[in-house]
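First comes the structure, then the notes that go with it.
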Protein chains: 2
Amino acid sequence: MTGRPRTFDKDAVLRAAMRAFWERGYEGVSVAQVCEEAGIAAPSLYAAFGDKKALFEKACALYTEHLDDDLERDLSAPTAREAIERLLRSSAEHFSAPGQPPGCLVMGEPRLAERRAKTRDTIRARLHRAAAEGELASTAEADGVAAFVDTVLAGMAALARDGADRARLLDAARHAARAWPAQRSSQVATEGLWVE
Amino acid sequence: MTGRPRTFDKDAVLRAAMRAFWERGYEGVSVAQVCEEAGIAAPSLYAAFGDKKALFEKACALYTEHLDDDLERDLSAPTAREAIERLLRSSAEHFSAPGQPPGCLVMGEPRLAERRAKTRDTIRARLHRAAAEGELASTAEADGVAAFVDTVLAGMAALARDGADRARLLDAARHAARAWPAQRSSQVATEGLWVE
DNA sequence: CTCTTTCTGTAACGCCCACTAAAAAACGTC
DNA sequence: GACGTTTTTTAGTGGGCGTTACAGAAAGAG
């Protein structure tokens, strides 16, 4: 009992939905719009993916499919400094990938704060390891660097969505990498800056 | 012929609307919600402010009322480096001001890209001045620093909305300030980093 | 062919949206 | 008190939203 076969490509529809959510956010996308862009009727979409929230989750799963692997790959560099440099550069490139919407689905979507927190935890863990290995002065400094890296990643995604091209994003990433703490003492680098 | 006096505080209603847009964005706020939070009926709100778009624009005008002045004040520091440090710190504090929604209405709202561009132009102009005065090596470097500063500002706003406290934002701002180009040659600071 | 199963297409459902027509109420003025 | 003006109140308007009931169409199984 196989029943009538579906006439559309389920993966293609999911990719269209992902792109729509990526470009305009969860609230900015209506089910009717996805249906039109995918070329199918609403009941077909509901039968294949469930309601709008389930469709969004499946689209997010598709988006983040290779993202965690990429993160681990970047962070696996021998030194934390190199790991962060890799992460900054590959993120800048991802946020400005040709043929894809600018920015980041996860960064741009308010309701994905939990997933952002997960990524931040991963970055912080890598920097804590660097503190334990002596590459950073302390876990407090690791937390500070982590907050800074999180900030730059989120900011690059925002700039990308505002139309910044890849060169601008890579400029920002390079300048960010330049903020790495000086090797002998972090006080040297912060000389002249305010202190809490 | 004075007519019946209005029974609500127009400024208080506008402040409530500003807070709502600040917290949840233009699309996340319904007119009915503003009415309930302000304690007035819809026709009163429409008579006082016009339609939703006009209300949003007035709320934005209220939000940005003192913002440009603050920006000019920060950027008026004698050196660009100090100007950017002031801007980073005051922005971190603004994004985490107690009693106000976290983050930034302008940074968080997709449809305010033009205003963000205006702020970025102002920052870039200050850094170009620094290049002309010899504080930065070139206008190209000024553009790079500008892209970096824009990124950090947008990122801090995003982190604040994700729940980061003031200390985390100030950590990020301090680390960002540390990325200022070395005085003698910017190549010294980028030593060991990738180049395009 | 008939039955069962699964998908497609049409046509709605109720809900909330931004927005407003109309009548009643509260003022200053005559 | 009657009038003109402005606000409040009530009760809607049409439209888009997410979602679905239902009938017909396309497949394999008997």
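Each label was represented as a point 7 Å from its Cα along the Cα-to-Cβ direction; for B:Ser138 and A:Glu36 these points are 4.8 nm apart. Rounded to the nearest Hz, the phi-derived 3J(HN,Hα) couplings of region A:143-157 under the Karplus curve 6.51 cos²θ - 1.76 cosθ + 1.60 (θ = phi - 60°) are 5, x, 4, 4, 4, 5, 5, 4, 4, 5, 4, 4, x, 5, 4, where x marks glycine and proline.
A Gaussian network model of chain B, with springs between Cα atoms under 10 Å, assigns the largest mean-square fluctuation among B:Leu62, B:Leu153, B:Leu169 to B:Leu62. In the protein assembly as shown, helical runs assigned H by DSSP with n ≥ 4 each contribute -39500 (n - 2.57); averaged across all residues and rounded to the nearest 500, the mean residue ellipticity at 222 nm is -20500 deg cm²/dmol. Annotation: amide H of B:Gly28 has no partner in the under-5 Å range at sequence separation 5 or more or interchain, hydrogens built in the peptide plane. Per residue, region B:32-105 exposes an accessible area of 48 Å² to a 1.4 Å probe, with every protein chain left in place.
Just going by the charge dipole of the protein assembly as shown, with Lys and Arg at +1 and Asp and Glu at -1 on Cβ, which of B:Tyr63, A:Pro43, A:Pro102 is farthest out on the positive end? So the residue we want is A:Pro43. For the residues A:Glu72, A:Glu141, A:Glu37, a GNM of chain A with alpha-carbon springs under 10 Å puts the largest fluctuation on A:Glu37.
Interface area, chains A and B: about 3700 Å² of buried accessible surface, summed, with a 1.4 Å probe and ligands, DNA and RNA left out. Take B:Asp69, move 7 Å from Cα toward the beta carbon, and the resulting point lies 5.6 nm from the same point in each other copy, nearest first. Placing a label point 7 Å from Cα along the Cα-to-Cβ axis, A:Asp121 is separated from the same position in the other copies by 4.4 nm, shortest listed first. Helix B:113-132 axis versus longest C-alpha principal axis of chain B: approximately 30°, rounded to the nearest ten. Distances from A:Lys53 to the same residue in each other copy, label points 7 Å out along Cα→Cβ, in nm, shortest first? Label-point separations across copies, in nm and ascending: 3.3. Considering only protein heavy atoms and a probe of 1.4 Å, how much of the accessible area of region A:67-189 is carbon and sulfur, as a whole percent? Exposed carbon and sulfur together represent 49 percent of the surface. For B:Ala61 and A:Ser90, the FRET efficiency from 1/(1 + (r/R0)^6), where r spans their Cβ atoms and R0 equals 51 Å, is about 0.80. Straight-line reach from A:Lys118: taking Cα to Cα under 19 Å and skipping same-chain neighbours fewer than 8 places apart, the aspartates and glutamates in range are A:Glu57, A:Glu65, A:Asp68, A:Asp69, A:Asp70, A:Glu72, A:Asp74, A:Glu109, A:Asp143, A:Asp150, B:Asp162, B:Asp165. Distance from the Cα centroid of region A:31-51 to that of region B:75-122 is 41 Å (rounded to whole angstrom).
Points 7 angstrom from Cα along the Cβ direction at B:Ala182 and A:Glu27: gap in nanometres? Roughly 4.7 nm, to one decimal.
To the nearest 0.05, how large is the calculated FRET efficiency for B:Met1 and A:Asp51 if R₀ is 51 Å and r is the Cβ-Cβ distance? Efficiency, from the Cβ-Cβ distance: 0.40. Highest mobility in the GNM of chain A, judged by mean-square fluctuation with C-alpha springs under 10 Å and restricted to A:Ala54, A:Ala83, A:Ala142, is found for A:Ala54.
Which lysines have a Cα lying under 22 Å from the Cα of B:Lys10, excluding residues fewer than 8 positions away in the same chain? Cα-Cα hits under 22 Å: B:Lys52, B:Lys53, B:Lys58. Assuming a ≥ b ≥ c are the square roots of the Cα gyration tensor eigenvalues, decide whether the protein assembly as shown counts as rounded (a/c under 1.5), prolate (otherwise, with a/b larger than b/c) or oblate. Judged from the Cα gyration tensor, the protein assembly as shown comes out oblate (a/c at least 1.5, b/c at or above a/b). Peptide A:107-116 has a mean shielding of 2, counted as Cβ atoms of other protein chains within 10 Å of each residue's Cβ. Legend: mean number of C-beta atoms from other chains within 10 angstrom of residue C-beta atoms, peptide B:156-169, equals 5. Across peptide B:140-146, the mean count of Cβ atoms from other chains lying within 10 Å of each residue's own Cβ comes to 3.
The values are calculated or read from the model by the stated rules, or taken from the named source; none is laboratory data. The structure presented is a predicted model; accordingly, all values stated were derived computationally and were not measured. Every residue, glycine among them, receives a Cβ derived from its backbone with ideal geometry; neighbour counts consider all protein chains shown. Only protein heavy atoms, including side chains, enter the accessible area calculation; ligands, DNA and RNA are left aside. Shrake-Rupley method; radii C 1.70, N 1.55, O 1.52, S 1.80 Å.
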